[in-house]
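Notes to accompany the following structure.
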Amino acid sequence: MNAERYRTLLDQLQIGIVVHAPDTSILYANQFAAKLLGLQVREMEGRLSSDPRWKFIDETGAPLGLSDYPVNRVLKALKPSLAQVVGIRSSEGSRVVWALCNAHPVFGPHQKLQEIVVNFTDMTAEKELKEKLFDLNQLMQSALDQSQAGVAIADAKSGKLRYLNQAAFLMKKGLAGEHIKDIDVNTLASAWNMSDLKGNPLKNDEMPLVRAVKYGEKSSKEVYLKLPNQESRVMWVNAAPILNPEGRVSSAILVLLDTTERHRLEEELHRTQQLAEAATIAKTRFLDVAAHELRTPITVLSLLLQFTQQQKERGHAVEPETLIRLRNQVERISRLVVDLLDVSRLERGALPISPKPTDLKSLIQECVEDFKLYSASRSLTFQGPTDGVQANVDPIRIYQVITNLLENSRKYTPDGSPIEVELEIHPDLIRVSVTDHGPGIPDREQGALFMPFSRGSVELTERSGGLGLGLFICKRIIELHRGRIGLMSKLGEGSTFYFELPRKGAG
Amino acid sequence: MEATKKTILIVDDEREILLTLREFLEMEGYRVLIAENGFDALKILNQGEIPNLILLDMKMPIMNGWAFALEFLNRHDHISPIVVITAAGDAEQRARDIGAIGWVEKPFDLNQLLKKIEMYSRKPPAPTLPISL
Ligand SMILES: [Mg+2]
């Protein structure tokens, strides 16, 4: 074959071939090489490798140093320079063409360098694809790392983990120096501490990722996952196999969703609903009791009036005592209504308290004297310091509290048994107590005494009459004075109801 | 004519109701016994009283209307008819629960109460003959 025939053959190759003289001037270039460098074949001959018609760049995009030109590497080392990736920016455009270059020295007699042959392939498309894949991979990883859900991918062929996002990594037992690619799906149970909702630890073969990668099963279940900090979370675990084009399992993906908070909210909602239902039932019961309690004095009132009318019709005079009895019933109704209004205002936070400097001692004495007027049969004693006790309180409301406590003591203890009222001064607080010698109150009933509408207080009320609101009102009045109310009681011995007011702010 | 007077036992924890009803029924010619709870009512019955009618409140301390009715059935075989007087809305149901012959809802009209007492009270004589309900 002649040289022309070889030339034609070389020009048909999809590989660039350039032959340089030892001074780097081009002796020969085929068509593919010229095209890649943006020139005609005839324009190539004679140019040096450092010709300004082209610019070489390295993979980072920086201009390639002259000594790193494939030809110059060979010149310097006198041996082949292989698989060098070089970007070529032709003079016209900014488009970069990427070439994978191999350069070989050709020696003549006496090992004298005769020529340098450079061949290269166009790898622009391949490199762009690689970059796109890299970008995509980066994008996916950062997206998955942002995710609250744990993601893991296992490889079917190696039986090892291929990928673990940040969240999944943090859920795993921290084994020092362990590389995820060393985690075998056959020992996955030692990486994630999972148990079923009954608390039984998951065996390795029961783990969804293992089932997906080994048996091609798609599954999801809820499990407990113990975190490295020993915290237990509820997880929704999903795993699915990924098939290759032949339909065989190539890998499997696992997604872990933390559902603890959802479960907690559901439980809380359920509890709140139950409380609301209980409150509604209690209020309905309370309304029943309130209606009953109002109906009783109204019945008496109605009976007394009807009876009086009948007596009048028969010519009898109305007895003065009947009028007193009528008035008592009206007062009873108005007391109930006032209690109901107080509770309604307390529930709305609208019960006004007007504190003013008050002598507690004389206030208590006033209560005691007023009480004696209505309960002559009771022995009522008061004990307190010799001097007055100044405090900044709402005298009307405190009078109401003391009267209420005295009323309770009278109502729930046998006629004739004594009641004692005491006023004590302590360094930080003032304490007022009302002690009776009645049957006492069982421990389990004490808590409910101070609560309105509660089952306990409503049941107590049903047995004892009244709305059972008095102590709740007292409690709230004392709390509005930044104090506290309490009860000490012993079955068979009696009860002491007391309240304490802070001395700070006392006049 | 003391011997032909009908005896009414009123059981209610509300003292004013007891007193007013007693006054009224006495004025109407009845003999009236009163008790403030089921326990006191049983005491009266245990003394051999056989009222022609029992007016029974349901909500009472110590022994309520239900407990009283049960004891009354066990010990006295419901020897006297019972009319329930209650402030609750479901008076009829309560009357049925304890096998009462009738009911009156509080507050009530005295003349209507009188009519019910006349209608339901066991006719004298034959105080030793228990009626079964
Ligand atoms: Mg009652």
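The values are calculated or read from the model by the stated rules, or taken from the named source; none is laboratory data. Quick caveat, the model's predicted, so the values are computed rather than measured. Positions of Cβ are backbone-derived with ideal geometry, glycine not excepted, and every protein chain shown enters the neighbour counts. Please note that ligands, DNA and RNA were not included when accessible areas were found on the heavy atoms of the full protein model with its side chains. Shrake-Rupley method; radii C 1.70, N 1.55, O 1.52, S 1.80 Å.
Remarks
- Its Cα centre serving as origin, the range A:293-342 has a Cβ charge dipole (Lys and Arg +1, Asp and Glu -1) of approximately 180 debye.
- Accessible surface of A:D11 - all protein chains present, 1.4 Å probe, nearest 10 Å²: 40 Å²
- Only helical runs count toward this figure. For chain A, summing -39,500 (n - 2.57) over DSSP H runs of n ≥ 4 and dividing by all residues gives -13000 deg cm²/dmol at 222 nm.
- Reach of A:K312 by Cα under 30 Å, taken over lysines that are not fewer than 8 positions away in the same chain: B:K5, B:K6, B:K106, B:K115, B:K116
- Debye intensity ratio I(q)/I(0), log10, the range A:356-502, q values 0.14, 0.17 Å⁻¹ (C-alpha model): -0.65, -0.97
- Measuring gaps between exposed loop sites in chain A (trypsin sites (Lys or Arg not before Pro); DSSP loop; at most 12 other Cβ atoms within 10 Å), the longest gap, sites not included, is A:349-481.
- Per residue Cα convex hull volume in Å³ - calculated over the range A:35-106: 95 Å³
- Relative contact order %, the range A:3-129, counting alpha carbon pairs below 8 Å whose residues are six or more apart: 24 percent
- Rounded percent of accessible protein surface that carbon and sulfur make up, the range A:264-347, 1.4 Å probe: 60 percent
- Evaluated over the Cα positions of the range A:3-129, the convex hull gives a direction-averaged projected area, one quarter of its surface, of 7.9 nm².
- If you run the Gaussian network model on chain B, springs between alpha carbon atoms under 10 Å, then out of B:E28, B:E105, B:E14 the most flexible one is B:E28.
- Across A:K132/A:K221; A:K55/A:K132; B:K43/B:K123, pairs whose alpha-carbon gap is larger than 30 Å: A:K132/A:K221
- Here's the list of lysines a cross-link from A:K361 could span, going by alpha-carbon distance under 29 Å and ignoring same-chain residues fewer than 8 apart: A:K372, A:K411, A:K475, A:K490, A:K504.
- Charge dipole magnitude, Cβ of K and R +1, D and E -1 - chain A, Cα centre, debye nearest 20: 940 debye
- Axial C-alpha extent at least 27 Å, average Kyte-Doolittle at least -1.0 - helices from chain A (DSSP): A:124-146, A:260-313, A:320-347
- Evaluated over the Cα positions of the protein assembly as shown, the convex hull gives a direction-averaged projected area, one quarter of its surface, of 58.5 nm².
- Placing A:E59, A:E420, B:E26 in order of accessible area, with the largest value first and a 1.4 Å probe, yields A:E59, B:E26, A:E420.
- Volume per residue of the convex hull around the Cα atoms, evaluated for chain B, comes out as 97 Å³.
- For the set A:T403, A:T386, solvent exposure ranked by accessible area (probe 1.4 Å, protein chains only) runs largest to smallest as A:T386, A:T403.
- Taking every C-alpha pair closer than 8 Å and separated by at least 6 residues, the mean separation divided by the residue count of chain A gives a relative contact order of 7 percent.
- Eligible aspartates and glutamates near A:K130 by straight Cα distance, threshold 15 Å, same-chain separation 8 or greater: A:E59, A:D122
- Extreme residue, positive dipole direction of chain A, given options A:A156, A:F107, A:P241 (C-beta unit charges): A:F107
- Positive end of the dipole of the range A:356-502 (Cβ unit charges, origin at the Cα centre): among A:L363, A:S417, A:I402, the Cα lying farthest that way belongs to A:I402.
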